[in-house]
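**Q** Please find one structure pasted underneath; my questions will follow.
The values are calculated or read from the model by the stated rules, or taken from the named source; none is laboratory data. These numbers were taken from a predicted model, which means no experiment stands behind them. Backbone-built Cβ (ideal geometry, glycine too); neighbour counts: all protein chains shown.
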Amino acid sequence: MTTQTITADAAGTWTIGDLTVNRIGFGAMRLTGSAAFHHGTPRDRDRSIAVLRSALELGVNHIDTAAFYFSALRSANELVNSALAPYPDDLLIAAKVGPFRDYAGKWGTSARPEDLRGHVEENLRQLGRDHLDLVYLRRMRQESIAEHFGVLAELREAGLIRHLGLSAVEPRHLAEAQALAPVVSVQNRYGYGDHDPANEELLTLCREQGIAFVPFYAIAGDVGAEGATTAHDEEVLSVARAHEATPAQVRLAWTLNQGPHVLAIPGTGNPDHLAENVAAGALRLTPEELHRLNTAHRNAG
């Protein structure tokens with residue numbers, strides 16, 4: 001499919017809290033390296049900045065980032081700040097807190113509740129903002145998230161955070177958080193062939209409650225942070241051929257078809273891949289194609 005004139009509004013919009021965004025956004029993690037963000041070879045800085053600016057030119061108004069997205073020479077937040085500040089009024093920048101890395105890049109234990117204010121303030125400093133539009137609490141295998149989420153709820157009341165979200169959670173954690181403050185978005189690993197019953201339940205809960213569901217690694221498959229998978233089944237390949245699209249575009253289109261509340265935040269440091277990802281929002285699957293893909297997705301799970 002042609003990508004020359006397709007912009008992010010082709011995917012439609014969703015309102016996160018009081019902020020309306022196009023359903024195709026951009027994940028900044030991969031700007032810090034060519035493979036996993038903490039081990040990859042640093043990308044060319046000017047090219048990464050150009051990709052971010054191109055994303056906005058293509059209508060992307062939802063950027064996902066975090067202070068712990070950095071490699072030896074690259075920081076995602078610094079790139080976002082350098083490329084996009086002063087920020088457009090309609091741009092939603094989402095950050096995550098919870099995981100912890102020291103300045104050498106070594107992963108530590110998850111942040112303690114008392115650490116979270118400092119982590120929020122570090123994101124503010126790096127991004128050059130006085131508040132964060134959306135902050136996700138990334139669960140790090142805790143049984144309960146109440147104490148951590150309670151701290152973020154207090155920071156929301158203090159004006160440092162506009163909206164709150166959850167990442168890597170189960171349905172019970174959503175209920176636990178909602179008892180403390182509104183949750184406007186859930187970000188879990190989810191994509192074609194990843195049939196986790198907890199995610200299927202969360203998809204339904206989020207749709208019923210008007211909460212955005214924002215999968216990460218939607219086109220990565222089993223390779224995760226290393227990029228888009230190259231392992232595609234015949235159904236994906238067949239649909240791609242029918243639309244003269246790439247398999248990654250089919251996976252993104254399938255993701256968006258899981259509900260009007262489902263968004264996508266594919267990341268890339270490649271300007272051509274950026275244009276392809278945005279163009280996936282215009283790919284219209286037929287009911288028969290969607291049925292075939294849904295069936296293959298369930299069978300893969």
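**Q** Quickly run through the stretch 192-207 and pick out the residues that are touching a Gly at 6+ places or on another chain (Cβ under 9 Å), in contact (Cβ under 8 Å) with a residue 12 or more places away in the chain and on the phi < 0 side of the Ramachandran plot.
**A** Correct list: TYR192, ASP194, HIS195, ASP196, LEU203, CYS206, ARG207.
**Q** Being among the polar types (S, T, N, Q) and part of a helix (DSSP H, G or I) is the filter; apply it to the stretch 39-92 and report the residue that is nearest to the chain's Cα centre (by Cα).
**A** The residue in question is ASN77.
**Q** Of the numbered conditions (1) more than 23 Å from LEU164 (Cβ to Cβ); (2) in contact with a Pro (Cβ under 9 Å, 6 or more places away or on another chain); (3) not in a helix (DSSP H, G or I), SER110 fails exactly one; give the number of that condition.
**A** The one condition SER110 does not meet is (1).
**Q** Taking interchain pairs and intrachain pairs at least six residues apart, which have beta carbon atoms under 8 angstrom, with the first residue in the stretch 274-301 and over 30 Å from LEU52 (Cα atoms) and the second surrounded by fewer than 16 Cβ atoms within 10 Å (Cβ to Cβ) and modelled with pLDDT under 95?
**A** The qualifying pairs are ALA296/ASP233; HIS297/HIS195; ARG298/HIS195; ALA300/HIS195; ALA300/ASP233; GLY301/HIS195; GLY301/ASP196.
**Q** Among ALA8, ALA50, which is surrounded by fewer than 18 Cβ atoms within 10 Å (Cβ to Cβ) and either at positive phi or modelled with pLDDT of 95 or more (or both)?
**A** ALA50
**Q** Here are ARG138, ARG117, ARG129: which of them is charged (D, E, K, R), in contact with a Leu (Cβ under 7 Å, 6 or more places away or on another chain) and in contact (Cβ under 8 Å) with a residue 24 or more places away in the chain?
**A** That would be ARG117, the only listed residue that is charged (D, E, K, R), in contact with a Leu (Cβ under 7 Å, 6 or more places away or on another chain) and in contact (Cβ under 8 Å) with a residue 24 or more places away in the chain.
**Q** Select from the stretch 197-233 the residues that are at pLDDT below 65 and among the acidic types (Asp, Glu) and write down the one among them that is surrounded by the fewest Cβ atoms within 10 Å (Cβ to Cβ).
**A** Among residues in the stretch 197-233 that are at pLDDT below 65 and among the acidic types (Asp, Glu), the one surrounded by the fewest Cβ atoms within 10 Å (Cβ to Cβ) is ASP222.
**Q** Condition (residue is modelled with pLDDT of 95 or more, touching a Ser or Thr at 6+ places or on another chain (Cβ under 7 Å) and farther than 22 Å from ASN188 by Cβ) applied to the stretch 67-74: is it met by at least one residue?
**A** Among the residues of the stretch 67-74, not one is modelled with pLDDT of 95 or more, touching a Ser or Thr at 6+ places or on another chain (Cβ under 7 Å) and farther than 22 Å from ASN188 by Cβ, which makes the answer no.
**Q** Within the stretch 104-113, identify whether any single residue is at pLDDT 95 or above and either within 26 Å of SER48 (Cβ to Cβ) or hydrophobic (A, V, I, L, M, F, W, C) (or both), and answer yes or no.
**A** Checking the stretch 104-113: not a single residue is at pLDDT 95 or above and either within 26 Å of SER48 (Cβ to Cβ) or hydrophobic (A, V, I, L, M, F, W, C) (or both).
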